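One structure is given below, encoded as structure tokens.
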Amino acid sequence: MPIESPERKSLHGQWTSKFAFILAATGSAVGLGNIWRFPYVVGESGGGAFVLVYALCVLLLGLPVMMAEVMLGRKGRRNPIQTMEVLALEEGRTRLWRWLGVMCIGTGFLILSYYSVIGGWTLAYVFRTAGGLFTGTDAETVKSVFKMLTTDAERLIAWHTLFMVITVAVVSRGVQAGLEKAVRYLMPGLFLILLLLVLYATTTGYFTVGLEFLFVPDFGKLTGDSLLSAMGMAFFSLSIGMGAIMMYGAYLPKESSIMQTTVLVAVSDLSVALIAGIAIFPIVFAYGLEPSSGAGLVFQTLPLAFGKMHMGALIGTLFFLLLVFAAVTSAISLLEPPVAWLVEKWRFQRQQAVLLCGFAVWLVGLGTVFSFSIWVGYEWTLALDFGKVKYVLFEDKSFFDIIDFLTAQVMLPLCGLLITVFAGYAINREACKREIALHEILFRVWHITLRYIAPMGVFVVMLTPFGLLEFIKGLFS
Ligand code: PHE
């Protein structure tokens, strides 16, 4: 294997331009994470302080990690597992680094399993809104519509299946074909409707209450758990720490500036999340809903706004359609890494690989379907007992909660941490510099962030909920 192989090409071709990569990466980043997950996690974590930590995590930790992922992807030009292996071997490091790739892909796989179920809810809402179900509705009805959908396992399976079929169909054509064009027009569309919703929110009389909740930090509400969950949210919403952006980086043309592209993606992602929050929270307070009501928050608030708005059924249908679209563009980036691995490493036909992965994801997704329906009431607790110190990893969590916790709060940050260590220490500085092609000063700042600040930041945040200090004290007392 040559030490430097700048001519290395991806098996799956390249984006036609830097702009195409920006669109695809934005398509991956902007999705249910921004519009479904962000508001409800903010609601559960108490608002402003969480939002501030989240934004800091996106800009200070997320951005450098994203740059590292794109750089590694473009240097390796393969799926995450083989990229890690090839790059490690080139640098004379152990091939065990490929296990990091395995962990990344595993994380994406698990995320997709529930992402598809929520994508299914969104699909269902396209039809419910189009049918005029929410016209002139009230909070009680909206709640019960949501409950009826999510407690009915059969319907959930049907929508989950449909969402997975759409994702499989797109990925089996190859992610480049069609994706660029679609993202170019539909993403701005989604953004426009979000702005319309913000306009509506200003008429509820609770606009400033919503803004205060989102932007006035009350640091008393910040706990170790919410710190970690803000960081997990940042990683989730940027699509980093699981190989999706690395995979897209593998298709990035050599000449494109990694810094410029990633900054644009991160800023759009952050803006969409914040705007979704600004649209949703005034509605939450205006209708006396609970900000901490969990995974149903968006589905129980926005229909109220559409129900009251002029031409609400039409705008609402369009909104949910665009949200489905945003979810699909994220889902395909979650499915692409394992598919590329099967194709590149095991010489599968693309179609077969997609079907196999799609089916496996669908199967695991049933766990999430059931945890909202027939497994309601089944909850698990995992506690470690060290004699003097007892540590509760999670308590009374459903299958969905456990997968969500495991991926967003354990695996994504851990992969992110290891990716920075890999890019910062295992790859030599000069090779990094050539690939990332930054101005000297910027490069230094980035490299120092990669080697020291990001890993330490992630590490400390990961340990805060584990009561790091109490734990050490407990062992020695
Ligand atoms: N970033 C996507 C969202 O916000 C979800 C995602 C996570 C996609 C990880 C790819 C990888 O919805």
(request) Determine whether region 166-178 contains at least one residue that is in contact with a Ser or Thr (Cβ under 6 Å, 6 or more places away or on another chain), aliphatic (A, V, I, L, M), at pLDDT 85 or above and within 16 Å of the ligand (Cβ to nearest atom). (result) no
(request) Name every residue in region 325-372 that is among the hydroxyl-bearing types (Ser, Thr, Tyr) and within 16 Å of the ligand (Cβ to nearest atom), in order of residue number. (result) Thr329, Ser330, Ser333, Thr368
(request) Return the only residue of Phe191, Phe163, Phe207, Phe219 being within 25 Å of Gln349 (Cβ to Cβ) and not aliphatic (A, V, I, L, M). (result) Phe163
(message) Looking at Ala169 and the list (1) without any contact (Cβ under 8 Å) to a residue 24 or more places away in the chain; (2) more than 30 Å from Leu342 (Cα to Cα); (3) under 24 Å from the mean Cα position of the chain (by Cα), which single condition is not satisfied?
(response) (2)
(request) Of the numbered conditions (1) modelled with pLDDT under 90; (2) under 28 Å from Ser45 (Cα atoms), Val298 fails exactly one; give the number of that condition. (result) (1)
(request) Report yes if Ala327 is of a type in the set (Gly, Ala, Ser), in a helix (DSSP H, G or I) and in contact (Cβ under 8 Å) with a residue 60 or more places away in the chain, otherwise no. (result) yes
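One line per residue, one yes/no per condition, for (1) under 30 Å from Asn428 (Cβ atoms); (2) part of a loop (DSSP other than H, G, I, E, B):
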| residue | (1), (2) |
| --- | --- |
| Gln82 | yes, no |
| Ser116 | no, no |
| Tyr125 | no, no |
| Thr135 | no, yes |
| Ser144 | no, no |
| Ile157 | no, no |
| Ile166 | no, no |
| Ile193 | no, no |
(request) Could you look through region 442-477, keep only residues that are of a type in the set (Ser, Thr, Tyr) and under 24 Å from the mean Cα position of the chain (by Cα), and pick out the one that is modelled with the highest pLDDT? (result) Thr449
(request) Might you let me know whether region 409-417 holds any residue that is more than 28 Å from Gly33 (Cα to Cα), surrounded by 18 or more Cβ atoms within 10 Å (Cβ to Cβ) and in contact (Cβ under 8 Å) with a residue 40 or more places away in the chain? (result) no
(message) Quick check on Ser229: is it of a type in the set (S, T, N, Q) and crowded, with 21+ Cβ neighbours inside 10 Å?
(response) yes
(message) Just the residues that are closer than 21 Å to Tyr54 by Cα and among the β-branched types (Val, Ile, Thr), please, taken from region 270-283.
(response) Val272, Ile275, Ile278, Ile280
(request) Hey, can you tell me all the residues within region 202-250 that are over 17 Å from Ser333 (Cα atoms) and of a type in the set (Ser, Thr, Tyr)? (result) Thr202, Thr203, Thr204, Tyr206, Thr208, Thr223, Ser226, Ser229
(message) Quick check on my filter: what residues within region 231-246 are more than 9 Å from Glu69 (Cβ to Cβ) and assigned to a helix (DSSP H, G or I)?
(response) Met231, Gly232, Met233, Ala234, Phe235, Phe236, Ser237, Leu238
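The values are calculated or read from the model by the stated rules, or taken from the named source; none is laboratory data. From a predicted model like this one, the values you see are computed outputs, not experimental measurements. Here Cβ is always computed from backbone atoms with ideal geometry, including for glycine, and neighbour counts include all displayed protein chains.
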